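Input: a single structure, listed below in structure tokens.
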Amino acid sequence: MAHSAIEVRGAVKRYGPIEAVNDVDLRVETGEVLGLIGHNGAGKSTLFKLMLGLVPATAGDIRIEGTPVRGAKFREVRQRLGYLPENVVLYDNLNGLETLAFFASLKGVSRSECAPLLERVGLAHAGDRRVRAYSKGMRQRLGFAQALLGNPKLLFLDEPTNGLDPEGIRQFYRILQEQRAQGTTIIITSHILSEIQERVDRIAIMKTGRIQALGTVASLREEMQLPLWFELRVAPEAHEALRNALAQLSIGEIEIDGHHVAVHCPRDRKMEVLNALTRFDHRIDDLHIREPSLEDVFLGYAG
Amino acid sequence: MHFKPIAILARKEFHDRIRNRWVLAVTLIFAVFALVIAYFGAAQQGAVGFRGIDVTIASLVSLVIYLVPLIALILGFDAVVGERERGSLDLLLSMPLTRLELLLGKFIGLSAALACSTVIGFGVAGAMLIQSEPAAALFHYGGFMLSSVLLGMAFLSLAVMVSVFAPDRGRASGMAIALWFFFVLVYDLLLLGGLVVTGGQVGAQAFPYLLLLNPTDVYRILNIFSLEDVRTLYGLTTVFPSHLAHPAVLGAVMIAWIVAPLALATWRFRK
């Protein structure tokens, strides 16, 4: 029987009276990209540690590729995992290439992979420089290269774009896309939600140790019934008539600022608003419909 | 248990200590101290210069008891807690290796660095001291170096245990210093104090066994007992039964001092 890449059933992790992870169920299929989001302290990193078998669960069953993460057989699965912990500080006294070679040998990966990997993450020029002299972004790139050693089947990336400049972020997502195309299962946490919303298959929103919502960005938006924003550029002399026309629909907020008009509209009444606006089409210079962002969805669930 | 990850971790720890010149610095400290002690050790008696090997070893034993535990504790106190604070411990543990393998790798690598310094440092000093001594002197000096390495490993094992139990580096260093004070300075005083206060009535029977509960005492007895010239000087034969003083027994006790803290550390680390 084919296993899911990750199966978490009823996972609980208590530290004294604190429930860091509380009855979490999660199934991630092979090749899927899951975004795990939540406030600081929501339990994301603890869930990562549970899934990697780094800490024992107080209760529940956690399996990767069908293998229990705390069992002796999990050692073999670890060779196919890549992990980038949050804010990792690698060894200052080693250079970039030596750092990768050290982790490669622990993972049983050929050292010949190291130099091409450094090049892939944009550190080819700094391979012989001590990590001590690396910037935060360079350390993050090195950490990511380490996670990619051995072309892992599963990637666990905890805040991977922390400290990266815009070019670094773009490069990171390009590599992630390449991994995804190869069928790598990826779990990623990020605080920059706009970054990941286009790049994941599903999102899990965590709050106080629980998964509050799980689904595609579109389905979560749908579920939340979050309103749309119509953003218009309208000549000021038409504002009054426009306001009256929209007021008849009684659809909520209308904000006017100079030439700009913003209309807050429930998703299921989008067409009514559009119909009302067509009557003003010659006085509307521009029209833009803004979908609720992942931030809006996130705040709706985790707020 | 797999030996490859142990070897990889041990090699890294050892290379780190070679690269940051730790091994070189400690080797020089051992060599210089050993020569100075050997040369000036009898200054109190109004003479300087190299004396017989037995007397020299007796002086060096006192030096080693202060110096080696301190250096071993400094070397190992952040082995695990340092990785934890750096955030690299989780990364290491996500690799295909067990916690026991991680501890053993670190312990063996650090032990190799300490053993290297001890053997070269005291070896260089010894080579200068015992050029004209008979083979028996060489044997005694070899035993002294070997037991010094074992003493270092016992304290390194305690240091690794501290580094597993301590929640942060600051507290780990405090615990390491407290262990040094306890075993090197306080323990014997307490033991003697107890004997004196009770007039030797309480604990006299247990006294030799209580000495075995301190690795520095085991080390002292191991070395002093094998030196004919100084054995009576220390009065050890009067309090320490000879069946306990056999090098094999004392060696086994020393090995127990290496294994027990590591075992405790592994138990805690697994939790």
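No lab work stands behind these numbers, since they all come straight from the coordinates. All values derive from a computational prediction rather than experimental measurement. Cβ: placed from backbone, ideal geometry, glycine included. Neighbour counts: every protein chain shown.
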Mind checking which helices in chain A clear 15 Å along their axis (Cα) and have mean Kyte-Doolittle hydropathy of 0.5 or more, DSSP H runs only? A:96-107
Taking the Cβ-Cβ separation of A:E76 and A:N151 as r and a Förster radius of 25 Å, what is the calculated FRET efficiency to the nearest 0.05? 0.95
For the stretch A:267-303, list residues with backbone N below 20 Å from a point placed 7 Å from the Cα of A:E223 toward its Cβ? A:267-268, A:291-303
At R0 = 51 Å, how high is the FRET efficiency between A:R199 and A:S250 if r is their beta carbon distance? Nearest 0.05 is fine. 0.85
Return the calculated 222 nm mean residue ellipticity for chain A, to the nearest 500 deg cm²/dmol, obtained by summing -39500 (n - 2.57) across DSSP H runs with n ≥ 4 and dividing by the residue count. -9500 deg cm²/dmol
Give the calculated FRET efficiency between B:K271 and B:S62 to the nearest 0.05, with a Förster radius of 41 Å applied to their Cβ-Cβ distance. 0.55
Show me, for the stretch A:83-92, the HN-Hα J-couplings you get by feeding each phi into the Karplus relation (A = 6.51, B = -1.76, C = 1.60, θ = phi - 60°), rounded to Hz, glycine and proline as x. 9, 10, x, 5, 6, 6, 10, 8, 7, 4
Going by average Cβ neighbours within 10 Å, how do the peptides B:135-148, B:177-190 rank, with the highest at the top? B:135-148, B:177-190
What list of ³J(HN,Hα) values in whole Hz, one per residue of the stretch B:266-271 in order, does the Karplus curve 6.51 cos²θ - 1.76 cosθ + 1.60 (θ = phi - 60°) give from phi, with Gly and Pro shown as x? 5, 4, 5, 5, 5, 6
What angle do you read, to the nearest 10 degrees and between 0 and 90, between the alpha-carbon axis of helix B:3-19 and the longest principal axis of chain B? 70
Using a simple spin-label model with points 7 Å from Cα along the Cα→Cβ vector, what separation in nm is obtained for A:I289 and A:A181? 3.2
Going through A:K49/B:K12; A:K107/A:K153; A:K153/A:K207; A:K136/B:K4 one by one, the pairs whose alpha carbons sit over 23 Å apart turn out to be A:K49/B:K12; A:K153/A:K207; A:K136/B:K4
With no solvent and one point per C-alpha, what does the Debye sum give as log10 I(q)/I(0) for the stretch B:41-175 at q = 0.13, 0.18 Å⁻¹? -0.65, -0.95
Coil-residue trypsin sites (Lys or Arg not before Pro) of the stretch A:192-288, DSSP, other Cβ within 10 Å capped at 15: A:R199, A:R279
May I ask for the distance between the Cα centers of the stretch A:233-303 and the stretch B:81-103, given as a whole number of Å? 55
Amide H contacts under 5 Å for A:I251, placed H, 5+ residues apart: none
If one takes the longest principal axis of the Cα atoms in chain B, at what angle in degrees, from 0 to 90 and to the nearest 10, does the Cα axis of helix B:187-197 lie? 50
Test item: A:98-107 mean partner chain Cβ contacts at 10 Å: 4
Using a 10 angstrom cutoff on alpha carbons, build the Gaussian network for chain B and name the most mobile of B:T198, B:T56, B:T98. B:T198
The helix B:99-129 Cα axis meets the longest alpha-carbon principal axis of chain B at an angle in degrees, between 0 and 90 and rounded to 10, of 30
Under-5 Å amide H pairs with A:R210, H placed in peptide plane, nonlocal only: A:N22
Calculated from DSSP H runs of 4 or more alone, at -39500 (n - 2.57) each and per residue, what is the 222 nm mean residue ellipticity of chain B, nearest 500? -25000 deg cm²/dmol
Once you put a point 7 Å from the Cα of A:R243 and another 7 Å from the Cα of B:I255, both along the Cβ direction, what distance in nm separates them? 9.3
